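Q: Input: one structure, supplied below.
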Ligand SMILES: Cc1ncc(COP(=O)(O)O)c(C=O)c1O
Ligand SMILES: Cc1ncc(COP(=O)(O)O)c(C=O)c1O
């Protein structure tokens, strides 16, 4: 599936819920299914900076696709990063770099985009895109 | 005349005027009749501090009465200090220290009492009373 | 409740426009008072009145507006002088906040401290009362000694006494800990420090909203606070200093107002308080801060204190009924602050969920990392009550907390 | 007038509540704009809205109010970034005023300057751009060199060039002189200074109300101003600095927000802009400053500039008809400021009398003693016009001036 398609899938899934409680509960469930980062990567080098809770992310290039793994000590942050990884993982660096993130608004997580959300989506997105950028540069250089 | 009486005299004089223009003109005239300080006293030591224009004051004790002399490089300040000197000069230190200054309000100069009036009445009054205090202390010590 | 206190909560709540606000469809419940207090209408009105009637730069203007603005500004200084019972109005310096006040004093000792001198601070300090002293120590070679806390979060006074010696130059302690709400025994600390001729600065940012402070009785050398925590606007701090110390330390900012004479060879400094108030100050803020102070005094700090204690006791009792809930900071001497965690749940998770119910709490390190390090936790959730909060709000919070816990476990 | 400019003066005046004020029975004529500008209703409203709807401490709160306040605060930063055409929003630092901004930079060079290094400032500077550098020189042993002015009040560029050499580390000049209104050739100064690798700080407090400033085009290293002069509230300053310099200089205040990690052994500093914004900032002030900027831009700085030039030319022409009236500061490049004296009459006397007619002027040294020393005068009377002033007000001022002169001669 293309990134855009996964995003639409997520929008549909979240549209089924009546209120934020259900949306949050679903997000927390998604967090539980997150492909976890190996514990050796749970160090400061892999931390997403500017978060109130700790969020670790690593990325590997497998068959030209980036595969993300992550974890967090807070459940909501874990749910958020899980959503992002579902959207971005297993795609080419370029696709990740260029992907829009408007879907966040539509699944009702807009309030996590504030510069203030110490665990903010914005830092996580930035981090994922940075990984993609790094791999893309590497690919170009080869 | 007692300080109180001079103050009442001034209040009567100022009450004759219809508007501030006349009051200011009269004050400026009073300034012109100010007993001037000798030029050797026109130094920083005799400056009233905190003024935007320069106001110099000196005090001497003559027959147990304080005699003030002053000058200013601004005409309005000169008028103000002239009024104060007319009220306070030729009185005993104690009388000066204890004198009320409510008359200022009644002659329409209240706006010069603000801490902001760089040429403020307040600093001048403080200075005159300080001289009186100094002489009183000297008298007590003797 | 109304029987026990003189607080007319219904009337008071009408004074605060923000309490009409909805958040996520719910009535706002503002429990982040230790971060900043809400602003009564009289204070907002005073700002409107300032800009609509007499906005002007102060101190140097001969014109009417400048005069009115200066009068109001200086009148505010006198209000704070009276409130804190300072000897002189020029011992009250207006700054841009507690942080500025502390840095002003720290900077002042750069030339005075020598290598080997000692500074005592406490483990309970806000970052604003740690970092400036570290910067000072780096420049002077002085050393920081730390008064430890016990497992309740209380300062260990006997350890403080051991730290004192003839090299102790400065002692810095907050009056009330922002993270735990514990009231420190500052009078004892000041007296003991003075026996060693140490100079004491008390950070009162968390105390002034809740109690009357008398700097003369305390015999404190410096006392600082921010007015945004006492119903004032943002951007105004207070520095009280004893005249002799304010005369001793050099100015912090150079600029207009703080000088007497300026030539390119040498400038001479103005007297107090101008020496420390270079540049155009936050004029409307200072004036509005005075109105905020008046407002608090019209309710009465004793009434506020009593009412807030009731809220604190009620909330503490209710919260301790929740399984696995741990409150940090246990003391008989506390302001209306509860810092807690529930089991292993991350404070951020709970803060985010209760926010959805319209409840404003603070989560994280609360600018007090050393305390969190001591308890080995990433942070806490802090609820802090003010005199405009109610028991009903606490009930709604407890309900939201239960919901959060069930969602997050 | 309306034909020549795009300023709709009638409509604009309605935006400023204070212009309805009476002073001593007369309509207020506010000619003290160089000291502080008046405040449009939209700005006042934004403050009311802040305190009524989303007053909250910023950056660390997870709750909705804190988030809204942070968004608005950071949005204001972006407005100033765009306005000044800075590369990055974190190159815009919010301070409490120009004076604070300058002191922050001066403090930053304490560790960098060495004895024998040279600092160039101009004879036209405001005290705020003199005293901090003197304090810096005292600490470092660096020396101040002064660009002189000629009898018109203009900087002598050839003298500036002579002062430059390999020891020149810093150059500080104001964009526009507050006392005389003369616009300095800062682009030429910056370029010439850069040839000697000197770092240039431009004090733009008197420029930003009248013209568009593009820090990229200027290639200036630091640019500072206060928002109370550009329709904003009191208590907010701007510091623009190139990223590389802001990274190079140490923080000024220690405290909350500006640190990354705090232990008692060592604290590490946060990145830009937080490194320089310790403590609770003037949140409502920063937000309202952004609204003030929007307001000015909605009128357009070019329109403002053109209209103010008309006022300046008209007033200059009328005033020069008065016998013995001398204007200080003669230049084709001037903002709408007229600094003058009449014969031997003390400026204070004239200021006091015209105040009685409701006209606000500034008198005295205008925080620029070196200029007054140069002209050997105790001070001047300064009238400074803004885009909400009118020719009719100038006419009334001229009338009052005549009356003052006749009373005082
Ligand atoms: C040229 C100049 N520099 C600096 C300042 C100081 O600004 P503030 O008082 O806002 O700090 C002023 C304000 O009068 C000024 O005109
Ligand atoms: C104990 C304590 N000290 C200092 C500060 C810093 O105050 P401000 O941010 O107003 O400078 C605070 C505010 O949170 C505090 O609670």
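Q: Applying 1/(1 + (r/R0)^6) with R0 = 25 Å to the Cβ-Cβ distance of residue C:398 and residue A:32, what FRET efficiency is obtained, to the nearest 0.05?
A: Numbers: r = 27 Å, r/R0 = 1.08.
Calculated transfer efficiency: 0.40.
Q: Now a separate question. Using only helices, what value at 222 nm comes out for chain C when you add -39,500 (n - 2.57) per DSSP H run of length 4 or more and divide by the total residues, to the nearest 500 deg cm²/dmol?
A: Details: 14 runs with 156 residues, N = 409.
After summing the helix terms and dividing by residue count, I get -11500 deg cm²/dmol.
Q: Could you check the simple spin-label distance between residue C:42 and residue A:138, using points 7 Å along Cα→Cβ, in nm with one decimal?
A: Computed distance between label sites residue C:42 and residue A:138 equals 6.5 nm.
Q: Of the listed peptides D:292-303, C:114-125, what is their order by residue-averaged count of other C-beta atoms within 10 Å, with the highest listed first? Before the final figure, lay out the partial values.
A: Numbers: D:292-303: 17.7, C:114-125: 20.2.
Sorting D:292-303, C:114-125 by mean packing, highest first, produces C:114-125, D:292-303.
Q: What ranking, highest mean first, results for peptides D:60-71, C:41-52 when packing means the other Cβ atoms within 10 Å averaged over each residue?
A: Details: D:60-71: 24.4, C:41-52: 20.2.
Peptide ranking by packing, descending: D:60-71, C:41-52.
Q: Further question: Evaluate the distance, in nm, between pseudo-label points positioned 7 Å from the Cα of residue D:163 and of residue D:138 along their respective Cα→Cβ axes.
A: 2.1
Q: Out of all DSSP beta bridges in region B:3-141, what portion is antiparallel? Express it as a percent rounded to 5. Could you put the intermediate results ahead of the total?
A: Details: 10 of 11 bridges.
DSSP beta bridges in region B:3-141 are roughly 90 percent antiparallel.
Q: Measuring nothing but label to label, 7 Å from Cα along Cα→Cβ, what are residue C:318's distances to the other copies in nm, shortest first?
A: 6.7
Q: What gaps in nm, shortest first, separate residue D:110 from its twins in the other copies when you place the label 7 Å past Cα toward the beta carbon?
A: Copy-to-copy label distances for residue D:110: 0.1 nm.
Q: Here's another thing I want to ask about it. Calculate, for residue A:42 and residue A:17, the FRET efficiency according to 1/(1 + (r/R0)^6) with r their C-beta to C-beta distance and R0 25 Å; round to the nearest 0.05.
A: Calculated transfer efficiency: 0.20.
Q: How many nm is it between the label spots at residue C:115 and residue A:4, if each spot is 7 Å from the Cα in line with the beta carbon?
A: About 6.8 nm, to one decimal.
Q: Given the -39500 (n - 2.57) contribution per DSSP H run of 4+ residues, what per-residue ellipticity at 222 nm results for chain A, rounded to the nearest 500 deg cm²/dmol?
A: Numbers: 6 runs with 71 residues, N = 142.
Result for chain A: -15500 deg cm²/dmol, rounded to the nearest 500.
Q: Quick one: the Cα spread of the protein assembly as shown along its three principal axes, in angstroms, biggest first?
A: Computed over the Cα atoms, the extents are 98, 65, 56 Å.
Q: Something else now. Quickly rank A:93-104, A:31-42 as a protection proxy: mean count of other C-beta atoms within 10 Å, highest first. Spell out each step's value before the answer.
A: Numbers: A:93-104: 17.1, A:31-42: 13.6.
In decreasing order of mean packing, A:93-104, A:31-42 become A:93-104, A:31-42.
Q: Taking a cut-off of 21 Å, what percent of all Cα-Cα pairs in region C:336-409 are separated by more than that?
A: Numbers: 669 of 2701 pairs.
The share of Cα pairs beyond 21 Å in region C:336-409 comes to 25 percent.
Q: Given the C-alpha centroids of region C:140-160 and region C:241-302, what is the distance between them in whole angstrom?
A: Answer, in whole Å: 32.
Q: Oh, and also: Distances from residue D:141 to the same position in the other copies: list them in nm, one decimal, shortest first, using label points 7 Å from Cα along Cα→Cβ.
A: Spelled out, the distances from residue D:141's label point are 1.7 nm.
Q: Moving on. How well do other chains shield peptide D:341-353, expressed as the mean number of their Cβ atoms within 10 Å of each residue Cβ?
A: Numbers: counts 0, 0, 0, 1, 2, 11, 4, 14, 13, 4, 8, 13, 6.
Mean partner shielding for this stretch: 6.
Q: Could you work out the Rg to Rh ratio of region B:3-141, with Rh taken as the Kirkwood radius (inverse of the mean 1/r over all Cα pairs)? Present the calculation step by step, with values, prior to reporting the outcome.
A: Working: Rg = 14.4 Å, Rh = 15.1 Å.
Rg/Rh: 0.95.
Q: Quick one: compute a quarter of the convex hull surface over the Cα atoms of region C:45-297 and quote it in nm².
A: Working: hull surface 56.2 nm².
If I average the Cα hull's projected area over directions, I get 14.1 nm².
Q: Hey, with R₀ at 56 Å, roughly what FRET efficiency would residue D:20 and residue C:244 work out to, going by the Cβ-Cβ distance, to 0.05? Walk me through the numbers before you get to the answer.
A: On the way: r = 48 Å, r/R0 = 0.85.
E between residue D:20 and residue C:244, to the nearest 0.05, is 0.70.
Q: Within 10 Å of each Cβ in peptide C:245-255, how many partner chain Cβ atoms are there on average? Round it to a whole number, please.
A: Values: counts 0, 0, 0, 0, 0, 2, 3, 6, 14, 14, 14.
Average per residue, whole number: 5.
Q: Other chains' Cβ within 10 Å of A:64-76 residues: what's the mean? Could the numbers behind the result be given before it?
A: Working: counts 0, 0, 0, 0, 0, 0, 0, 0, 3, 5, 11, 10, 10.
Going residue by residue through A:64-76 and averaging, the value is 3.
Q: Now for a different question. For region C:45-297, give the share of DSSP beta bridges that are antiparallel, in percent and rounded to the nearest 5; count only bridges with both residues there. All intermediate terms of the calculation are to be shown ahead of the outcome.
A: Values: 14 of 31 bridges.
So the antiparallel bridges in region C:45-297 amount to around 45 percent.
No lab work stands behind these numbers, since they all come straight from the coordinates. Keep in mind it's a predicted model, so treat the numbers as computed, not measured. Ideal geometry is used to build each Cβ from the backbone, glycine not excepted, and the neighbour counts take in all protein chains shown.
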